[in-house]
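The values are calculated or read from the model by the stated rules, or taken from the named source; none is laboratory data. From a predicted model like this one, the values you see are computed outputs, not experimental measurements. Here the Cβ positions follow ideal geometry from the backbone for every residue, glycine too, while neighbour counts run over all protein chains shown.
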Amino acid sequence: MTYTLALETSSQIAAFASVAASMKHNCAGVTETGSALFLNGTNDPISPYEGVEMSVNRGLVISNQESVDYWV
């Protein structure tokens with residue numbers, strides 16, 4: 001939800017923080033960027049640090065590093 005909000009309101013917010021979350025593989029482009037904080041664990045069974053398929057059939061996500069690179 002945090003990534004979606006940040007993407008949809010990028011021109012209206014100055015920063016966002018994502019805690020134990022992964023960014024969806026097919027997110028839309030961002031028009032403006034602010035500051036971002038990413039807090040993810042490397043051994044999280046639900047939100048995989050390296051990306052790929054999330055557990056319990058919740059969809060495909062990109063890795064934590066790809067998420068950081070996207071927002072940079």
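Run down Asn26, Asn43 and say which single residue is at pLDDT 80 or above and either loosely packed, with under 13 Cβ neighbours inside 10 Å or more than 12 Å from Ser67 (Cα to Cα) (or both).
Asn43
Pairs needed: first member in the range 10-38, more than 18 Å from Val52 (Cα to Cα) and among the acidic types (Asp, Glu); second member anywhere, modelled with pLDDT under 80 and surrounded by 14 or more Cβ atoms within 10 Å (Cβ to Cβ); C-beta distance under 8 Å; at least 6 residues apart or different chains.
From the range 10-38, the pairs are Glu32/Ser10.
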